[in-house]
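Asks: Mind looking over this structure? Questions follow.
The values are calculated or read from the model by the stated rules, or taken from the named source; none is laboratory data. Note that this is a predicted model, so its numbers are computed, not measured. FYI the Cβ positions are ideal-geometry reconstructions off the backbone, even for glycines, and counts take in every protein chain you see.
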Amino acid sequence: MADEPTSAGTTTEAEPRETEGEAPAEDQPGTALERAEAAPPVPAREQLPMLPGEVRPHPTPQRYVMIAAILVVVTSAEIGLYYLQGDVPDGLIIVFLLISMAIKFSLVASWYMHLRTDKPIFRRFFVLGIFAAVTLYLIVLTTLHVFSR
């Protein structure tokens with residue numbers, strides 16, 4: 001159909017047209033406008049701004065404080081383990097220290113270095129670098145015959 005001239009200009013097929021004898025769409029019961037006005041307002045969640053390269057927003061300050069408290073607890077357990085030296089086998093102490101080191105490292109890297117919120121490629125490069133460094137360190141120690149004593 002062709003455009004029809006009106007007092008406000010022309011109407012196109014995309015615009016709703018009023019026909020004679022019908023009330024405007026805004027006045028009809030059950031229209032989208034009435035449903036929108038009758039619906040309770042949805043509270044807007046405060047969305048923190050995201051930087052380029054981030055896939056999810058940063059955590060709240062309370063979350064950072066909670067992670068810091070966890071780090072304090074794990075560190076105090078490590079220090080307390082020092083006082084058990086001699087009562088607990090050295091192998092068990094080393095295993096506990098390695099586990100707590102891994103926990104603290106992963107918490108710091110994922111939360112405070114923001115690897116949780118960045119693109120996965122950054123995390124992959126980070127983990128690849130860790131494995132490469134550990135492998136190189138073990139090769140050097142093996143070359144120096146540290147493990148053969």
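Asks: What are the residues in the range 110-148 that are within 18 Å of residue 50 (Cα to Cα) and not aliphatic (A, V, I, L, M), if any?
Replies: Selection gives 110, 111, 112, 114, 116, 117, 118, 119, 120, 122, 123.
Asks: A further question follows. Consider the range 59-77. How many of its residues are surrounded by 11 or more Cβ atoms within 10 Å (Cβ to Cβ) and under 20 Å from the mean Cα position of the chain (by Cα)?
Replies: Of the residues in the range 59-77, 9 are surrounded by 11 or more Cβ atoms within 10 Å (Cβ to Cβ) and under 20 Å from the mean Cα position of the chain (by Cα).
Asks: Scanning the range 101-149 for residues that are part of a loop (DSSP other than H, G, I, E, B) and within 30 Å of residue 79 (Cβ to Cβ), which turns out modelled with the lowest pLDDT?
Replies: In this case the residue turns out to be 149.
Asks: Using beta carbons and a limit of 9 Å, which pairs, at least six apart or on different chains, have the first residue in the range 73-91 and within 21 Å of residue 107 (Cα to Cα) and the second one of a type in the set (A, V, I, L, M)?
Replies: Once the first residue is within 21 Å of residue 107 (Cα to Cα) and sits in the range 73-91, its partners that are of a type in the set (A, V, I, L, M) give 74/103; 74/107; 78/97; 78/101; 81/88; 81/93; 81/97.
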